[in-house]
Structures are given as structure tokens and as C-alpha cells.
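The values are calculated or read from the model by the stated rules, or taken from the named source; none is laboratory data. Nothing here was measured: the structure is a model prediction, and the numbers come from that model. A quick note on method: Cβ atoms are made from the backbone with ideal geometry, for glycine too, and the neighbour counts reach across all protein chains shown. Each accessible area value is taken on the protein alone, full model and side chains, heavy atoms only, with ligands, DNA and RNA left out. Shrake-Rupley method; radii C 1.70, N 1.55, O 1.52, S 1.80 Å.
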Amino acid sequence: MLRTKENTVIYQIYPKSFQDSNGDGIGDLRGIINRLDYIQSLGVDMIWITPFFTSPMNDNGYDVADYRAINPLFGTMDDFDELVDQAKKRNLDIMLDMVFNHTSTEHKWFKKALTGDPEYMDYYIFKDKPTNWISKFGGNAWEYVEHLDKYYLHLFDVTQADLNWDNPKVRQELYDVLNFWIAKGVKGFRMDVINLISKPEIYEDDLVGDGRRFYTDGPNIHQYLQEMNDHTFGRHDDILTVGEMSSTNIEDCSLYSGEKSNELSMVFSFHHLKVDYRDGQKWELADFEPKKLFDLWRLWQTELSEKGGWNALFLNNHDQPRSVSRFGNKEYHQESASLLATATFLMQGTPFIYQGEELGIPNTEYDNLDRYKDVEAINYIKEHQSNLGNDECLKVLNERSRDNGRTPMPWNLEDNYGFSSTKPWLDFSLAEELIPASEQMNRPSILTYYQALIALRKANRAFQTGTIRFIDSDHEHLFNYIREDNNEHYLVLNNFSNNNYTYPLTTEIKKVLFSNQEVEYNKDVIEIKPYQAIVLQLI
Ligand code: GLC
Ligand code: CA
């Protein structure tokens, strides 16, 4: 069966933390091969693997030094080819993560640029004067190169130099890279911060913000994406693509993922993952108010659908703290993890499950700042330790650091949870809710719930291609919607609180299809328990 954005479920792997096969404490491609049966048992179709290309690893592989070579830390090209093969045998496809907004400063193009070669300087963005733009990882976004007497732009780390997409040679180089991997049997691409690639014609200071308004969803973005599509994956009918869209808007996303625009299959947007940011600031903690999440979900579901676009459905990835710690309740760990999955993955869009969320892995709960490894966390400590003090820094990082999502997979009860024969590069979560995969198999658990939920979505077409309609509720903690097509009608009820609710039934129930807890109902009302998710088939 042809994979489509409607019928596909994608599993994301952060290779460094998935499975180590050679005892160096770092996950690798062979480790993924060894775990393919586990991935297949989830019922997913495609594996997105975050970058494992040659890289100095300043940003864990998002600083690529060679787009066509495997970082020896992760294995060899033979390992990769075997991975594609072995995955195919299990009816799994591979999605690669292409980082095309910038390269590592170790990339040969940048090294040539640094010699003053004008051809390669034009691959990047060198200017005589900097602007006041702020890097996404803190500090000014320009770096001075003394011997050239010029500044280069880096929207991320200083070792991640932004590419000049206005140069047709750069675009062609990147299209060639995509075609290289397509020829190897890759069936999906996740495009890193792809809506930042089109920079403005004029570089000026941002007097009201950090500069992002000049380069986010920039002037030629749609033209470049259409051209990329036309030269690469658009020539094949079996490739799925997803763009990571930073600080974007629904209008542009409807074009990025529109059926007719020939850009990408779908979009990751992030507004719904800022609901617990105070005033939009990542490092300012605020309580989670479910209503804010519901409103954003509803907005993006409804409007993107009306405008012909398509959402990627997700609450977790390698840049986010763990959703169960963020939006769930420690006292209802299993219930809240399964509730979050149900609410998210039965909406309209393509589900993305991030490694370990199917085990309910919680945040790190680290006890010491030294345990943090992410460049962003380290920059945060440098900047704030002296004024905030250790305890406050730790508190913030334990909630917000990207390392929360990067702790190694706990596979079993052996040493280092079976992840590695040695101490891993990053410590496991210290939280007591960390329950390894071996302890969750073949019994009621978050893992087996995920398996059943994926099967449910696959067995009922209305969850794939049906419409979605939201139901207003008197209770601000209930998130309810109906998925339907001509033949099937489903009501999905989600309780994001530890209250019990009595919910009036206005339509007749054909069947209780699914729930994370026992379901009590009569013909008039249904009881919804704390953190309960219920799927009903309606007449
Ligand atoms: C994306 C990646 C993130 C990386 C950044 C720069 O947001 O998901 O991990 O640091 O882009 O490439
Ligand atoms: Ca290894």
C-alpha cells in the first residue's frame, strides 16, 4: 500500500540515545538495526532518524560537515544500507533529517569561504556590518572573521553558518544531496528549520524584536520549496516530507503543506508547545493551562484543514521536554501519558511518536548542573548561573532543557538499562517513573496502550481521512472532538484533570471502542475519570 500522509505513523529516533551496539556509551546505526523488531511491534510505518552525518557534534549532528557521509560515531555507509534493507523487510521506511538552513563551519564549503574564495563566500552570508539579531542559542547572530574583516550570519550556534539560498549553486548542491539519498532508498525527509532559509534583501537592525521577523517565512520561501520539490522528491510519488517551521503562521503553513502548492507533505508548528512559556519566553516558567493548548490545537486543526494544509501531530521531539512531565500528572503517570497520546494522535494529521514517549519517559529530574550536555543548556548556565544561583538554574533546566528529551532509552533491567555496556554519554532520567521497555511488554502499560492506539487509528479510516469537529464543553479541562466520514462516526473524550466529570450523551452510542481506564455509562451520561481518554463509536 502506498504510504500517504493520512495512513502513515512515524517514529522518531535520536540515534545518540537509542541503542549503543559497540560499548562506547553512544547510540549508533547498528543499535537501531538491533531494535527494528521493537519498532515494528509498535505498528509504525516510517522511522525518522535525526542527523547522523559527519559532524563535529556541537549541536548533536545539526551541524553537518558532510551531507553524504556517515559520522563514524554512528557507523558506516554499509550500516546505513543494511538499516534501509532490514527496515524494508519489516515494512518500515526511513526518513532522514536534512539540515539545509546552515552547515557546520567544518564543512568544506565554509573552509573554502574562510580562505577568502569569493565563490564559496557566496555560499554563506558574509557582511561588512552585523545587525542586532539574536541567535536562537543566545548572543548576537553574527561572528566576526578578522582576516576577512567580515561577519557571517549564524542563526544558531557560532559553528552553524547560515547558507545563502539566494545563490542558485547552493540550491543545486542541496538538491543533489537529496537525490543522492533518494537513490539509496530513503522514503522521507524532515527538513530542519526550513522556513528560515529565505533571508531578506536588506539586512537591518530589528528595533522591536530579535530579528526573526526578517527571515521567518522569508520573501522567496515558497519559490525555493517548490523548486526543491520539483528537482527532487516531487519526482517520486512515494516520498513523504515534513518541514520544521519555526515561529510560523497558518497562512504560510497552508502553502507549505497544501495539496496544490507542491512544497512539502506537512508541517511541524510549535505554538501549541509554548503554552507553558510565560510571555512566550522559553526560560520563564508558567503553569500549564490545558485550555490554552486546546485552543491552539483547535485553531490549527480547523484552519489548516479549511485552507487545504496538513499538520504533523506531536507533543514530543528531541528539542522538547517530555510531554508527560509537562502536561500530565505525576500521580496519574500512566493515565496522563496515555491520555496525551489519545488526544494528540486521533486528530487530523500524521502522528509522530518520539522515542521513549511510548514508555512514558519523564523529564530528567537531574540533581546537578554538570549532568546537562546540550549546547543550549550550557549557554544558559553560563549566562544565568551567577545571577540565578545553582538551584534556580537547575529548576529551570529540569523543566525546559532539551536534554529532558534526550536521555537514553531504558530497554531492560540490565546494567545501564540495556542501552549500553558502559555509562552513557548523557545520564538517564532520575525520575522514579522511568520504567524500561522489558517491564512494559505484554501487560497493561503505556507501551501496550500505544500499540493498541496505533492499531485503532489504522483500523478505522475516519481517523485517517475523516473530518474533525470540536465539541464545546462547559468544563475547561475537557477536550472533545468528533472524527467522521460517510460511514463512521467517533467521539473522542479527553479529561486533562484529576476531576471526575459526568458527561451528557446527546447521540446514541454504538460501541465503546477504546479507553485508558474502565468506562462507565448509561444511555444518558458517561462518567469521565481523572486523565481518562475515551473513544466511542456513535450510531
Ligand atoms: C532544529 C533542530 C534542533 C537544532 C536546530 C538547529 O530546531 O530540531 O535540534 O538545534 O534546528 O539546526
Ligand atoms: Ca556506539
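Backbone N atoms of the stretch 434-459 closer than 13 Å to the 7 Å Cα→Cβ label point of residue 330 belong to residues 434. If you look at the Cα atoms of the chain, you get an Rg and a Dmax of 23.1, 79 Å. For the stretch 1-151, the alpha carbon positions stretch 56, 37, 29 Å along the principal axes, listed from largest to smallest. Using the Stokes-Einstein relation with a Kirkwood hydrodynamic radius computed over Cα pairs, the translational diffusion coefficient of the stretch 297-349 at 37 °C and a viscosity of 0.692 mPa s comes to 269 µm²/s. Placing +1 on the Cβ of every Lys and Arg and -1 on the Cβ of every Asp and Glu, with no other charges, gives the chain a dipole of roughly 1080 debye about its Cα centre. Once the 1.4 Å probe is applied to the protein heavy atoms, the stretch 467-538 comes out at 51 Å² accessible per residue. Hey, if you put +1 on the Cβ of every Lys and Arg and -1 on every Asp and Glu Cβ in the chain, which of 421, 19, 262 ends up farthest toward the positive end of that dipole? Farthest towards the positive end: 262. Sorting 266-274, 220-228 by their mean Cβ neighbour count within 10 Å, with the most densely packed peptide first, gives 266-274, 220-228.
Using a 1.4 Å probe on the protein chains only, how many percent of the accessible area of the chain belongs to carbon and sulfur?
That fraction is 45 percent.
Packing, as the average of other Cβ atoms within 10 Å across residues, places the peptides 478-484, 206-212, 33-39 in the order 478-484, 33-39, 206-212, highest first. Label positions at residue 4 and residue 473, each projected 7 Å from the Cα along the C-beta direction, are separated by 3.0 nm. Applying 1/(1 + (r/R0)^6) with r as the Cβ-Cβ distance of residue 237 and residue 391 and R0 = 45 angstrom yields a FRET efficiency of 0.25.
Based on alpha-carbon atoms, the Kirkwood radius and the radius of gyration of the stretch 103-164 give Rg/Rh equal to 0.93.
Kindly identify the stretch 353-419 as rounded, prolate or oblate by the Cα gyration tensor criterion: order the square roots of the eigenvalues as a ≥ b ≥ c, call it rounded if a/c is under 1.5, otherwise compare a/b with b/c, prolate if a/b is larger, else oblate. In terms of gyration-tensor shape, prolate.
Give me the net charge of residue 133's neighbourhood, meaning all other residues with Cβ under 14 Å from the Cβ of residue 133; Lys, Arg count +1, Asp, Glu -1. Computed value for this residue: 0. Computed over protein heavy atoms with a 1.4 Å probe, the accessible surface of the stretch 103-164 works out to 44 Å² per residue. Put simply, when 276-287, 241-252 are sorted by average Cβ atoms within 10 angstrom per residue, most first, you get 241-252, 276-287. Segment residue 365..residue 128, full-extension length gain: 80.8 nm, with 0.36 nm per residue of separation and the alpha-carbon distance subtracted.
Apply 1/(1 + (r/R0)^6) to the Cβ-Cβ distance of residue 288 and residue 179, taking R0 = 60 Å, and write down the FRET efficiency to the nearest 0.05. Calculated transfer efficiency: 0.85.
Helices assigned as whole DSSP H runs in the chain whose Cα atoms extend at least 30 Å along their own long axis and whose mean Kyte-Doolittle hydropathy is 0.5 or higher are not found.
Each 5 Å bin from zero holds the following percent of Cα-Cα pairs in the stretch 146-257: 2, 10, 19, 22, 19, 14, 7, 4, 2, 0. Indicate the gyration tensor shape class of the stretch 467-538 (rounded, prolate or oblate), computed on the Cα atoms with a ≥ b ≥ c the square roots of the eigenvalues: a/c under 1.5 is rounded; otherwise a/b larger than b/c is prolate and the rest oblate. Prolate, because a/c is 1.5 or more and a/b exceeds b/c.
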